[in-house]
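The values are calculated or read from the model by the stated rules, or taken from the named source; none is laboratory data. Predicted, not measured: the structure shown is a model, and the values here were computed from it. Cβ placement follows ideal geometry from the backbone for every residue including glycine, while neighbour counts extend to all protein chains displayed. Surface accessibility is based on the protein's heavy atoms, side chains included, excluding ligands, DNA and RNA. Shrake-Rupley method; radii C 1.70, N 1.55, O 1.52, S 1.80 Å.
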Number of protein chains: 2
Amino acid sequence: MRLKFLGTGAAGGVPVYGCTCLVCRAAQRDNSLGRKPCSVLIETAEESILVDGGLPDLGRRFPAGSLTRIFLTHYHMDHVQGLFQLRWGCNTLMPVHGPADQHGCADLFNHPGILDFSPVMQAFETKAFGSLDVTPVPLNHSKMTLGYCFQDDTIRIAYLCDTAGLPPETRRFLKKWQPDHIVLDCTHPPQESQPANHNDFTLALRLAADFTSARICLTHISHSFDVWLHHHQDVLPPHMQIATDGMELLPEGVFVAAAGQTVNVIPTAK
Amino acid sequence: MRLKFLGTGAAGGVPVYGCTCLVCRAAQRDNSLGRKPCSVLIETAEESILVDGGLPDLGRRFPAGSLTRIFLTHYHMDHVQGLFQLRWGCNTLMPVHGPADQHGCADLFNHPGILDFSPVMQAFETKAFGSLDVTPVPLNHSKMTLGYCFQDDTIRIAYLCDTAGLPPETRRFLKKWQPDHIVLDCTHPPQESQPANHNDFTLALRLAADFTSARICLTHISHSFDVWLHHHQDVLPPHMQIATDGMELLPEGVFVAAAGQTVNVIPTAK
């Protein structure tokens, strides 16, 4: 399978509106340093799956027929806002697989339009989509949230966002499942007290230490974590990296930045 | 005052996702024929006011400090969706003047961030913003909705969207107020039965006949109305025109299309 990060930002994105931190100023000057709403595209020979619908330009990015389905981790606005215009489409029906959250978001369930929310995902029930097996796992968040474990013949990727740590049953499943890659929420720099809804870097390191045979790629990054990373450039263990918008997982199993993406151009703080 | 149409589309926009009608196909080929979420920018010497927040890229269009305030007609998603990311900004506070709708939209009121929803607008209570007087008027829609009457020393513009016809008290106010321009919801081509939430062309013509001294500019246009107009090119009375994205009201009191905008290039249907 192929995986591409379409967005890697926390709810406010990067640049944050009105912010003058060094990361937001750099992203205002250079779009390729920005972070859009957190989402990935998973592609196999048979499937083209969007995970989360927070990007506002889904219709332009994915002409009708180019996506086979959408998976939702949860119904917070930054993960579903792009669906509100998409739903008023025609001549097509889009399966949207999400958690069994009876509230959804705003009026999405009352006025679904072309979106078919009926294929609800149940934790630990594996479903096959062509050669791709998908197993949802519960996460720790302020709204009912699922991670997704994607497996084909060659690779196992766990997408775990949004979460603070992991529920014990999800940790047990993953220890047995043995992911090659974990894409992990890491919204915050190290916090004084343990955050409730998203990982800080301390929680992410703890999880990485628990899964030393997996490569860990951090996503849902806030501008404040980006600033912290800028001042702590050697803190990542060898099997951990930071996702950027447009980054892709190559068949060799390594993540590479998008072509043309600017890297490391943030000026050193004085 | 200056007025610019930032978006002139109905909820699904133009092109509608998956649609193959001649209007949507033309807009897929040429962005300048598209219709974004319905909104206008009103500018005076002192104020820069965004009317409705449905555009998804508000932060990029309006760097912090460039808008003085936002007016909302109502809290349907296509009129507020751009506020959900904007709210997580910093170093700034954005006054948002809307109707007294206790529900708002999704979690906007519970998590307003930098958005200050406290300046609620009351029907027929005129407020001054520098040299600009603004009077809200009730409209007929499925959710509590206000139109806004803008007046400076030289011109009176009534912005009436979303609405199906007008409440009697709003019609009485407007007859006395005598607008120079009415920007009017006209979502649908002529319908067999009278629509409940948006004007069709029949209702818009009826209102235009009631306000013959005003120029009428139609907005909140659906692709089906655009297709109908393509086949009925001489139906507009002399004092009525169709808004397009980027169109501006010149100081001379006439609306002109945006520079570089393609006009009348939709191929004739066979």
Query raised in the report: Which lysines have a Cα less than 22 Å from the Cα of B:Lys175, not counting those fewer than 8 places away in the same chain?
Result: B:Lys127
Report task. Please report the buried accessible area for the interface of B with A, total over both chains, probe 1.4 Å, in Å² to the nearest 100. Result -> 2100 Å²
Report task. Sum -39500 (n - 2.57) across every DSSP H segment of at least 4 residues in chain B, then divide by the residue count to get the 222 nm mean residue ellipticity, nearest 500. Result -> -4500 deg cm²/dmol
Report task. With a 1.4 Å probe on protein heavy atoms only, tell me which residues of region B:16-44 lose at least 20 Å² of accessible surface in the complex relative to the chain by itself. Result -> B:Val16, B:Tyr17, B:Gly18
Query raised in the report: In nm, what does the list of distances from A:Pro63 to its counterparts in the other copies look like, shortest first, when each label sits 7 Å along Cα to Cβ?
Result: 3.6
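Tell me the GluC sites (Glu not before Pro) within region A:21-83 that lie in a loop according to DSSP and have at most 14 other beta-carbon atoms within 10 Å.
Working: sites: A:Glu43, A:Glu46, A:Glu47; in loops: A:Glu46, A:Glu47.
Taking region A:21-83 and a limit of 14 other Cβ atoms within 10 Å, the loop GluC sites (Glu not before Pro) found are A:Glu46.
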Requested in this report: Would you mind computing, in nm to one decimal, how far apart the modelled labels at A:Asp234 and A:Ser213 are, each placed 7 Å from Cα along Cα→Cβ?
Outcome: 3.1 nm
Query raised in the report: Which of the aspartates and glutamates could a cross-linker bridge to B:Lys143, judged by Cα under 12 Å and excluding same-chain residues fewer than eight apart?
Result: B:Asp101, B:Asp162
Report summary line: Honestly region A:197-248 on the Cα gyration tensor test (a ≥ b ≥ c root eigenvalues; a/c under 1.5 rounded, otherwise a/b vs b/c for prolate or oblate) is just rounded
Report summary line: Whole-Å distance linking the alpha carbon centroid of region B:192-254 with that of region B:7-40 is 17 Å
Report task. Lys and Arg at +1, Asp and Glu at -1: add these up for the other residues within a Cβ distance under 13 Å of B:Phe84 and post the number. Result -> -3
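With the Cα gyration tensor of region A:148-270 giving a ≥ b ≥ c as the square roots of its eigenvalues, does the rule (a/c under 1.5 for rounded; else a/b larger than b/c for prolate; else oblate) give rounded, prolate or oblate?
oblate
For the protein assembly as shown, report the accessible area per residue in Å² (1.4 Å probe, heavy atoms, rounded to an integer). Please list the in-between numbers first.
On the way: 22430 Å² over 540 residues.
Ligands and nucleic acids excluded, the result is 42 Å² per residue.
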Query raised in the report: At a 1.4 Å probe, what is the % contribution of carbon and sulfur to the accessible area of chain A?
Result: 50 percent
Report task. With a Förster radius of 56 Å, plug the Cβ-Cβ distance of A:Glu252 and B:Lys143 into 1/(1 + (r/R0)^6) and report the FRET value to the nearest 0.05. Result -> 0.60
Query raised in the report: What size of dipole, in debye to the nearest 20, comes out for region B:2-256 about its Cα centre when the only charges are +1 on Lys and Arg C-beta atoms and -1 on Asp and Glu C-beta atoms?
Result: 160 debye
Query - Tensor-based shape of region B:89-199 (alpha-carbon gyration tensor, a/c under 1.5 rounded, otherwise prolate or oblate) - result: oblate
Query raised in the report: To the nearest 0.05, how large is the calculated FRET efficiency for A:Gln191 and B:Lys175 if R₀ is 51 Å and r is the Cβ-Cβ distance?
Result: 0.25
Query raised in the report: aspartates and glutamates near B:Lys4 by alpha-carbon distance under 13 Å, same-chain residues fewer than 8 away left out - which ones?
Result: B:Glu43, B:Asp52, B:Asp245, B:Glu248
